[in-house]
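Undergrad: Could you have a look at this structure, given as structure tokens, before my questions?
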Amino acid sequence: MELFRQFDPTELIKRALAEDVGQGDVTTAATVAPGQMGRARISVKEPRMILAGGIFLEPVMRMTGAEPRIVKLAPEGAELHANDTLADVEGKLAGLLTGERTALNFIQLLSGIATTTRMFVDAIAGTSAKIIDTRKTHPGLRIVEKYAVRVGGGHNHRHGLDSGVLIKENHIAAAGSVTKAIESARRLAPHTLKIEIECETLAQVDEAVKARADAILLDNMPLEDIHNARTMARGVTLEVSGGVTLDTVRAIAETGVDLISVGALTHSARAVDISMRIEAM
């Protein structure tokens, strides 16, 4: 995935290993002979999952001294099912065991995000809407969590506060009105950045359209108001956010909105269930 290639995960993996290994893996040192070789198989225990984060396996095991040889690794974005083999890796057994939890943590978390995202994407199939993420990510993990959303078929919203103008209710309160907030943003923001504003009422939508907002975020609006907003804001990108669930997302998409942002993709995705079993060689 292009997004991930722009990011070097080395420092992230180092921090994760330092947290888990500390001064050393005491149990492995006590039970595994130096230089002993082994094979590890990672298996799926979910009825259905979308793999993301498998690319962490080799660098994690390399950093723990496993000198890994990846025999098999399912591709990113692969749909896997219970009892499928996600990966087979050979190497020094001590390194495989020391890196097990860190590698699986990355894969379980990111695959959980990708799997949840795919469920939302599947739910709106055939509509023109896109599922997008939010900034509701775990601190320090945003770039990899947003990567997992893309693996699951979703799209990314802002990566940070510097990558776009999104005027929210508190910004409107500070500026004095929807119109004043948009005008102030237009004076400051480069022409390359679109100006999006959050609206909680149809009156605010009307004001935002008249102030020539590039995009409008409809926050926690009932379905009827979303329909009306689409009629009022022809030619303006419309995003819906707030309380979107798998039960409601299809009806929202069918109103003709362009984007549906779902914080739960990252802040509430359940880690998938996978396991690693080893054998000495």
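Undergrad: Could you pull out the chymotrypsin sites (Phe, Trp or Tyr not before Pro) across region 1-84 that fall in loop regions by DSSP (anything but H, G, I, E, B) with no more than 15 other Cβ atoms inside 10 Å?
TA: Those satisfying the criteria are 7.
Undergrad: Moving on to the next point. By the scheme Lys and Arg +1, Asp and Glu -1, what is the net charge of all other residues having a beta-carbon under 12 Å from that of residue 260?
TA: -2
Undergrad: With r defined as the distance between the Cβ atoms of residue 173 and residue 79 and R0 fixed at 45 Å, what FRET efficiency is calculated, to the nearest 0.05?
TA: With R0 = 45 Å, the Cβ-Cβ based efficiency is 0.50.
Undergrad: Rank 192, 201, 85 by mean-square fluctuation in a GNM of the chain with C-alpha springs under 10 angstrom and give only the top-ranked residue.
TA: Residue with maximal mean-square fluctuation among 192, 201, 85: 192.
Undergrad: OK, next. Taking the Cα centre of each part, how many Å lie between region 192-251 and region 145-175?
TA: 15
Undergrad: Take a quick pass over the chain and tell me how many lysine pairs come in under 25 angstrom between Cα atoms, counting only ones 8 or more apart or on separate chains.
TA: 21
Undergrad: For the Cα atoms of the chain, what angle does the longest principal axis make with the long axis of helix 223-232, in degrees from 0 to 90, nearest 10?
TA: For helix 223-232, the angle is close to 60 degrees.
Undergrad: Follow-up question, since we're still on this one. Roughly how many debye, to the nearest 20, is the charge dipole of region 124-267 about its Cα centre, given +1 on each Lys and Arg Cβ, -1 on each Asp and Glu Cβ, and no other charges?
TA: The calculated dipole for region 124-267 is roughly 520 debye.
Undergrad: How many percent of DSSP beta bridges within region 124-267 run antiparallel, rounded to 5?
TA: In region 124-267, approximately 0 percent of DSSP beta bridges are antiparallel ones.
Undergrad: Can you tell me what share of the DSSP beta bridges in the chain is antiparallel? A percent to the nearest 5 is fine.
TA: Approximately 55 percent, going by the DSSP bridge assignments.
Undergrad: Where the only charges are on Cβ atoms (+1 Lys, Arg; -1 Asp, Glu), what is the dipole of region 221-281 about its Cα centre, to the nearest 20 debye?
TA: Charge dipole of region 221-281: 80 debye, to the nearest 20.
Undergrad: For region 124-267, what class follows from the C-alpha gyration tensor (a ≥ b ≥ c being the square roots of its eigenvalues): rounded when a/c is under 1.5, otherwise prolate if a/b is larger than b/c, else oblate?
TA: oblate
Undergrad: Order these peptides, 141-148, 157-164, by their mean beta-carbon neighbour count within 10 angstrom, highest first.
TA: 141-148, 157-164
Undergrad: Using just the helices of the chain, give the 222 nm mean residue ellipticity in deg cm²/dmol: DSSP H runs with n ≥ 4 each add -39,500 (n - 2.57), and the total is spread over all residues, rounded to 500.
TA: -12000 deg cm²/dmol
Readers should treat all values here as calculations from the given coordinates under stated rules, not as data from a laboratory. The model shown is predicted, which means the values in this text are computed figures rather than measured ones. Note that each Cβ is placed from the backbone with ideal geometry, even for glycine, and that neighbours are counted across all protein chains shown.
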